[in-house]
1. Would you list, by chain and number, the lysines whose Cα falls below 19 Å from the Cα of Lys120, excluding same-chain residues fewer than 8 positions away?
2. GNM, the chain, Cα, under 10 Å: largest mean-square fluctuation among Phe85, Phe20, Phe115?
3. Take each of the peptides 32-39, 96-103, 77-84, average the number of other beta-carbon atoms within 10 Å over its residues, and list them starting from the highest.
4. Going by amide H atoms built from the backbone, whose H comes under 5 Å of the H on Glu53, apart from near neighbours?
5. What does the charge count near Ser29 come to, summing +1 for each Lys or Arg and -1 for each Asp or Glu among other residues with Cβ under 12 Å from its Cβ?
6. Mind checking which lysines have their C-alpha under 19 Å from Lys93, skipping anything on the same chain fewer than 8 residues away?
7. What do you get for the angle between helix 78-91 and the principal long axis of the chain? Use alpha-carbon atoms, 0 to 90 degrees, nearest ten.
8. Identify which of Ser116, Ser66, Ser108 has the largest mean-square fluctuation in a Gaussian network model of the chain, with springs joining Cα atoms closer than 10 Å.
Amino acid sequence: MLESKKNLGKKFYQNLGKLFYAIAMADHSVHMKEMEKLNEVVRDYWLEVDDIEDEYGTDAAFQIISVFDWLLEYEKDNEEIYEEFEAFYMDHKILFTPEIKNLTMSTSRAIASSFSGSNKSELILLGRLQLLFEK
């Protein structure tokens with residue numbers, strides 16, 4: 001059975017939250033600047049993507065922040081979380097239009113460079129994401 005658009009939309013944003021967490025956590029710590037950048041980018045860009053709302057009538061894009069915060073609170077392993085995003089992407093490629101891929105890459109880069117520039121582990125993950133999107 002096909003997932004409802006609303007449910008799939010929510011999962012889409014939750015998985016973006018996983019990706020952005022994995023990028024921020026690539027150096028094994030999340031800095032306040034990375035969180036601030038994520039909040040800013042979600043408000044400035046992701047809220048405009050669609051009009052999907054969650055069950056509380058809140059824009060589903062806020063799921064990105066909710067999931068990011070939850071993963072941070074429980075200090076989840078960034079590699080494992082990145083792989084969850086990768087699996088979601090492979091199963092739902094249709095959701096990732098060229099515009100979404102561009103926004104995802106630019107958000108990831110913004111998070112990676114928000115605190116003292118991108119470090120090696122973040123750059124490696126950005127490279128993996130770029131390759132994934134080219135599949």
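1. Within reach: Lys33.
2. Phe115
3. 32-39, 77-84, 96-103
4. Under 5 Å from the amide H of Glu53 lie the amide H atoms of Ala60, each far enough along the sequence or on another chain.
5. Combined, the nearby Lys, Arg, Asp and Glu give -3.
6. Lys5, Lys6, Lys10, Lys11, Lys18, Lys101, Lys135
7. Helix 78-91 sits at roughly 40 degrees to that axis.
8. For the chain, modelled as a Gaussian network with Cα springs under 10 Å, the answer is Ser116.
Bear in mind these aren't lab numbers, they're just calculated from the coordinates by the rules spelled out. Given the structure is predicted, the values throughout are model-derived calculations rather than measurements. Glycine gets a Cβ as well: all are built from the backbone with ideal geometry, and neighbour counts include every protein chain shown.
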